[in-house]
Structure formats: structure tokens, C-alpha cells
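A short worksheet on the structure shown next.
FYI, it's all coordinate maths here, none of it is from the lab. Just so it is clear, the model here is predicted, and its values are computed rather than measured. No Cβ is skipped: glycine too gets one built from the backbone with ideal geometry, and neighbour counts run over all protein chains shown.
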Amino acid sequence: MKILMIEDNKSVSEMMSMFFQKENWDASFAYDGNEAVDMFNEHADEWDMITLDLNLPGKDGMEVAKEIRKVSKTVPIIMLTARDTESDQVLGLEFGADDYVTKPFSPITLIARMKAIHRRNESVAKEAAKTNSDKPDTDENNEGFDVNTGYFKLNSNTREAFLDGKEIPDLTPKEFDLLKTLSSKPKQVFSREQLLEQVWDYDYFGEERTVDAHIKKLRQKIEKVGPQVIETVWGVGYKFDDSGVKAD
């Protein structure tokens, strides 16, 4: 992978540099927000992963994430932050982060998260390519939608989702993947652990809040276009159910 690590603490960068070298990853380092944006833009199409500290001189991590997302909607971003409150985590996800790791962190855990997100992205890309190659030249009934309940439609190739004919706006990559996983099996209940495994592709590290924070933002975007279709099953997890759309 080609990594851009944005981190103002040079000792952390030096430590992670050794771990990146062991993985044979090509890593570059930026130490303030303005430098980070410039470095990203210079090779915008080449980065496979961004790790982004929240507290940076120049531009803070939220602003850097916002600038990166203007250029690329899909490059994975893992936020590294000493802040451990739900509001900060949700805000980071709102600005386009795929995941977050709170400081102090284990380098091994961060490497595992990066590998998992990269594997997941490669899998999604291969699935989209296969779907596109297998798709007939004309498909008037499904129109390229791999989820179509009548009220809800989702297209993996275009990364678009529609509820009652209206597009759900500004879905981040992880929000889209969550929505696809849930809607592909309507009314099936997924535990947080299952969603971590299927959407983030890593073993359960006790990071249930990662799922909850993404679900919270996903629900807010769904509610902009129609009734809520992501339901909480208390004590278990979440499920997709659009049976209430018709009534509304």
C-alpha cells in the first residue's frame, strides 16, 4: 500500500515508519494540516490509505478530512485521536473518516485495521467489477440495482441508494457498505460484531461504538429523504426494514 500518515508527533511517525517498513508499505509523512493537503493533492490518485491525527497545527484533522473528501470520496481515512467522546467520533465520521483509533494505540492494532479496510476495499472493487462484467447489456427491470425492494434501491457500481425514489445524500464509503449489508438481507438482525466483521472486515476489538456512530450518521441521512428503515433490535443489533415506507 501507499500510505499517507498525517501526524504532528514525530516520535509516533517514526515508530509507525518501522511497522510500515516491515509490511513493505510505501509511507509518506505530513506533520501539519496544510502540508498534508498539499501532499495528498500532489498524488491524489495514488494513495491507498490515509491515517489522520485529529489535532494538527495549520489545519486540524476535521478540515483536512473535508479537503481530502472534496478530491476523493473513496480513499480510506482512519482518524487517530486522543479524544474519546461520541460527539468527536461522530463528527470525524461525518467529515468522511472510515474508522477511528483512539490514542494511545497499539501499532499492531492500527496495522490490523489498515489491512482490514484495504482488504475490504479491494473486495468491493472486485465485486463491482464482476457485477459490471456480468451485467446484461439491457436490464429494464433491475436497471443495475443489486438491491431492489420496490421502495428501496441500491446500486453498487454507482455507489448510490434511493428510498422511495429519492437519493440518500452524501453517503460515505462505510455508510454505503453498512446500508448494502443490511438491505441485502431485509429484516435479518445483524449484531455489531457481525457488522464489524462484514463491513470493516476485522475481528471484534470491543469497538461497538464504531458501528453505532456510523449507524447514527446513516440514519440522519436516510431521514432527509424518507422514513427510517434502519431499526435497532435492543440487546442484539440492527436490521433493515422498509415495510413502513408504503404507509408513509
Cα-based Rg and Dmax for segment 136-240, in Å, come out at 13.9, 46
Place the peptides 185-191, 237-243 in order of packing, highest mean first, counting for every residue the other Cβ atoms within 10 Å and averaging per peptide.
237-243, 185-191
Using 0.36 nm times the number of residues separating residue 23 and residue 45, minus their current alpha carbon distance, what extension gain do you get?
5.8 nm
Where labels lie 7 Å past Cα in the beta-carbon direction, separation of residue 115 and residue 158 in nm:
3.8
Positive-end residue of 183, 213, 150, charge dipole of segment 136-240 with Cβ unit charges:
213
Using just the alpha carbons, could you tell me how many Å³ per residue the convex hull of segment 2-121 encloses?
92
With r as the distance between the Cβ atoms of residue 63 and residue 225 and R0 = 22 Å, compute the FRET efficiency 1/(1 + (r/R0)^6) and round to 0.05.
0.20
